[in-house]
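Throughout, read-outs are computed from the coordinates displayed, never taken from laboratory work. Here the structure is a predicted model, which is why all the values come from computation and not from measurement. Cβ placement follows ideal geometry from the backbone for every residue including glycine, while neighbour counts extend to all protein chains displayed.
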């Protein structure tokens, strides 16, 4: 009986000491760090072209252009590539805008005097430059690796993308109508209307970057 | 021998009851009512980003009604500025895949009235630096709140300010917080 009493006295004493110990910073950090979860490297939502190229089973991963297995390091490299492509997207986007402004000056001159071959040549040359700059801008957006986050909420970037569909269609229409007008199959006014409409939407899509909502 | 063991048990019991009464307790910030955000200034527009995925935990002394230790951890990818592209850019800039969290820990908390100064360490972008945060403590019946703001110079932690349209943001990240602990 006495032995049991001694045993319990000792155990109870030790237990009391242990529960009365100070809470240390390490204890707090242990609590905080116990909830670590592996982050998702790809967003749930991404552009169809990005999913096709950079998705978990995307083309680039199949052909070995991008790592098959996503790791923090490989995804960080993809984000760096995305940043570079984004900078090119911005630069060529502004070049395309400059080209459109140039066409806005050259176009009316050509309407006034259709026989001025210098203006016609310049109009064609600037059109080619604008198309190349525009195409590069679109390629950089469509073929870039996906961002880390892509929330469902509608924001100015989503509007920017929606407008891109409109001005992309406008660019195709402007080019087709230019060919047809040149061949005398349609009135030039339709080419001009498509070009002006495209320019307006394109400029508005640049402005959306500044507007936050 | 038996008497010695008995004496030891009694001493341990009494000692622990007298010197370590549970006046200090662990308190956890309620993420539902607490706020944690940062603001960045860019020449085109300034913005704020809010996180709801952070851990704030501390040791509260019920006798002195003061916090004695505090630890806060926030996941970089949890901030929402209302623009996915921008948040993604920030994640990339601060290499959040490599360094997913920002933590602040302090064991040296001093009070002057309701103003609390926490001297500790800030871990950001994988770099640890001594850091001081000043806040204001308010105590109600069952909630202790600490609020305040501070600036972090991102270049001090090896982070290049993110840029848009060829223009960089300010180097200063303006952080503000309001932690509410149930006591």
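Counting other beta carbons within 10 Å of each Cβ, put A:171, A:46 in order, fewest first.
Lowest to highest Cβ neighbour count: A:46, A:171.
Please pull out the direction-averaged projected area of segment A:110-168, using the convex hull of its alpha-carbon atoms, in nm² to one decimal place.
Across all orientations, segment A:110-168 yields a mean hull projection of 5.6 nm².
How big, on average over all directions, is the shadow cast by the Cα convex hull of segment A:67-112, in nm²?
4.2
Which value in Å is the Kirkwood Rh of segment B:139-183 over different Cα pairs?
Value: 12.9 Å, from the Cα pair sum.
Could you let me know the centre-to-centre spacing of segment B:145-174 and segment A:176-192, using Cα atoms, in angstrom?
52
Does a label point 7 Å from the Cα of residue A:88, set along Cα-to-beta-carbon, have any residues of segment A:109-132 with amide nitrogen under 16 Å, and which are they?
Backbone N within reach: A:132.
Whole percent per 10 Å bin, from 0 to the bin with the longest distance: what is P(r) over all C-alpha pairs of segment A:88-143?
For segment A:88-143, the binned pair fractions read 27, 43, 21, 8, 0 percent.
Can you give me the relative contact order of segment A:80-145 as a percent, contacts being Cα pairs under 8 Å and 6 or more apart?
57
Could you state the number of Å between the C-alpha centres of segment B:63-77 and segment A:19-97?
After rounding, the separation between the Cα centres reads 29 Å.
Report relative contact order for chain A in percent, whole number only (criteria: Cα-Cα under 8 Å, sequence separation at least 6).
22
Kindly list the residues of segment A:78-94 that lie in the label zone of residue A:63, defined by a backbone N under 16 Å from the point 7 Å along the Cα-to-C-beta vector.
Output list for this probe position: empty.
Convex hull over the alpha-carbon atoms of segment A:69-213: what's its volume per residue in Å³?
126
Eigenvalues of the Cα gyration tensor times 5, then square-rooted: what semi-axes does that give for the protein assembly as shown, in whole angstrom, largest first?
Working from the Cα gyration tensor, I get semi-axes of 64, 22, 15 Å.
How large is the direction-averaged shadow of the alpha-carbon convex hull of chain B, in nm²?
Approximately 14.0 nm², given one-decimal rounding.
When N is the residue count of segment A:140-207, what does its C-alpha Rg come to as a fraction of 2.2 N^0.38 Å?
In units of the 2.2 N^0.38 Å rule of thumb, it is 1.42.
Express the Stokes-Einstein translational diffusion coefficient of segment B:111-150 in µm² s⁻¹, to the nearest whole number, given a Kirkwood radius over alpha-carbon pairs, 25 °C and a viscosity of 0.890 mPa s.
It comes out at roughly 214 µm²/s.
Using alpha carbons only, what's the Rg to Rh ratio of segment B:78-130 with Rh from Kirkwood?
1.15
On the first, second and third principal axes, largest extent first, how far apart are the outermost C-alpha atoms of segment B:56-104 in Å?
48, 23, 10
In degrees from 0 to 90, rounded to the nearest 10, what is the angle of the helix B:84-93 Cα long axis to the longest principal axis of chain B?
70
Return the average number of partner chain Cβ atoms within 10 angstrom of each residue Cβ along peptide A:27-34.
6
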